[in-house]
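Visitor: Below you'll find the structure I mean.
The values are calculated or read from the model by the stated rules, or taken from the named source; none is laboratory data. For clarity, every value in this text was computed on a predicted model and none was experimentally measured. In this analysis, Cβ positions are derived from the backbone assuming ideal geometry, glycine residues included, and neighbour counts consider all displayed protein chains. Just so you know, the surface numbers come from the protein's heavy atoms only, side chains and all, with ligands and any DNA or RNA stripped out. Shrake-Rupley method; radii C 1.70, N 1.55, O 1.52, S 1.80 Å.
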Amino acid sequence: SSWFTVPSVLSGVTIGGINQAHTFDNDTQITIALVDDTTPLAMQDLVVTTPAGSTAPFGVTVIRLQINESDADTENVNSSDAFEFIEISTGVPNVNLQGYTVVLWNGNGDVSTRAMHLNVNTDANGLILLGNSSVVPAPAITFPNNTHQNGADAVAIHQADPSDYPNDTTLANGAKRIIDALVYDTADADDAGLLDGLLWLSPDPRRVQVDETGHVANMPKSIQRCNNGRRDGRKFLVDVPTPGATNTVTCP
């Protein structure tokens, strides 16, 4: 973006006072491929520093875009899962996520089954709820019952348009610009294709498939984020669902 003229010699780039790894593209553009996770959220000042001094602060909104909760195996109504939901968190209220898409990936063939554009604003808790029409509170984005399939499957956030993910897109063609991903199951074997394509190659410790069934019997269950860390299956626990509300689980 042509925010200001960028000097060809940079001493550093900061957002919210935190140094950021960057690439000098040309005289009008720099690229920060990944904002440091220690950067404060919400509106922050971006400052470019050169040997001659610093630019005037430029305001940017910093979010932490993550999958916050997922419930695929829910109460049946007329033989269909009717309370499925996916919750996305940003840490910042009233932020629009145009340009990002949630993609559902099927472990049977490792192909996409649905792509949903996140072109809505986050709520007061910095959350966006996607789900069946029976979910309470009402989701900002709805999808039909039995859409969020029982595992082994996956859900991922991609910086892309939904049109990039027609049904049956393969991981080889679609596992791009991944912001976050959760590979999950309902007492199923690990899906190596989803783990390799959406998370990391073995033996990376973040390469963990999360089992939704691992909680108290005869109670509703969901997979909930217990700490920050994108594309990291260790950052989830199973507990009683909390759609539209802040999670209370804490990683051990």
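Visitor: With the Cα gyration tensor of region 110-152 in hand, convert its eigenvalues to equivalent ellipsoid semi-axes via √(5λ) and list them largest first in whole Å.
Guide: Whole-Å semi-axes of the equivalent ellipsoid: 21, 13, 9.
Visitor: Here's something else I'd like to know. Assuming R0 = 45 Å, can you tell me the calculated FRET efficiency for the pair residue 228 and residue 80, based on Cβ-Cβ distance, to the nearest 0.05?
Guide: On the way: r = 34 Å, r/R0 = 0.75.
Result of the calculation: an efficiency of 0.85.
Visitor: Among 94, 146, 72, which residue has its Cα furthest toward the positive end of the charge dipole of region 53-147, with +1 on Lys/Arg Cβ and -1 on Asp/Glu Cβ?
Guide: The residue sitting most towards the positive pole is 94.
Visitor: Got a sec? Which residues in region 229-246 would a label at residue 21 touch, if it sits 7 Å along Cα→Cβ and we count backbone N under 20 Å?
Guide: 229-233
Visitor: Give me a comma-separated list of calculated 3J(HN,Hα) values for region 67-76, in order, Karplus coefficients 6.51, -1.76, 1.60 applied at θ = phi - 60°, integers in Hz, x for any Gly or Pro.
Guide: With the stated coefficients, region 67-76 comes to 6, 9, 7, 8, 9, 9, 9, 10, 4, 7 Hz.
Visitor: Quick one: if you stick a label point 7 Å off each Cα along the C-beta vector at residue 245 and residue 37, how many nm between them?
Guide: 2.7 nm
Visitor: Could I ask something else about it? Could you tell me the accessible area of residue 246 in Å² (1.4 Å probe, neighbours in place), rounded to the nearest ten?
Guide: Ignoring ligands and nucleic acids, residue 246 comes out at about 90 Å².
Visitor: Mind listing the phi-derived Karplus ³J(HN,Hα) values for region 26-36, rounded to whole Hz, using 6.51, -1.76 and 1.60 with θ = phi - 60°, and x for any glycine or proline?
Guide: In residue order, the calculated couplings are 6, 5, 10, 8, 10, 10, 10, 5, 8, 5, 4 Hz.
Visitor: Could you tell me how far the Cα centroid of region 151-168 sits from the Cα centroid of region 28-103, in Å?
Guide: 17 Å
Visitor: Mind checking the log10 I(q)/I(0) for region 122-252 at q = 0.17 Å⁻¹? Debye, one equal scatterer per Cα, no solvent, two decimals.
Guide: Normalising to I(0) and taking log10 leaves -1.06.
Visitor: So who's got an amide H within less than 5 Å of the one on residue 239, skipping anything under 5 residues away but keeping other chains? H placed 1.01 Å off N, in plane.
Guide: Those qualifying (amide H under 5 Å, at least 5 residues apart or on another chain) are 222, 224.
Visitor: May I ask you to evaluate 6.51 cos²θ - 1.76 cosθ + 1.60, the Karplus curve with θ = phi - 60°, for each residue of region 100-105 and list the ³J(HN,Hα) values in order in whole Hz, giving x for glycine and proline?
Guide: 10, 9, 8, 10, 8, 10
Visitor: Continuing with this model, one more query. Output the relative contact order of region 101-252, whole-number percent, from Cα pairs under 8 angstrom with separation of 6+ residues.
Guide: On the way: 314 pairs, mean separation 31.2, N = 152.
Worked out over region 101-252, it gives 20 percent.
Visitor: On to the next question. Stretch residue 50-residue 213 to full length: gain in nm at 0.36 nm per residue minus the Cα-Cα span? Each step should come with its number before you reach the end.
Guide: Values: separation 163, 0.36 × 163 = 58.68 nm, distance 5.40 nm.
Using 0.36 nm per residue and subtracting the Cα-Cα distance, I get 53.3 nm.
Visitor: How much accessible area per residue does region 15-157 have, in Å², with a 1.4 Å probe?
Guide: On the way: 6220 Å² over 143 residues.
So region 15-157 comes to 43 Å² accessible per residue, rounded to a whole number.
Visitor: Follow-up. For region 13-129, max minus min Cα coordinate along each principal axis, in Å, sorted largest first?
Guide: In descending order, the Cα extents are 69, 34, 22 Å.
Visitor: On to the next question. Out of residues 5 or more away from residue 114 or on other chains, whose amide H comes under 5 Å of its own, with H placed 1.01 Å from N in the peptide plane?
Guide: The list, which skips near neighbours in sequence, is 104.
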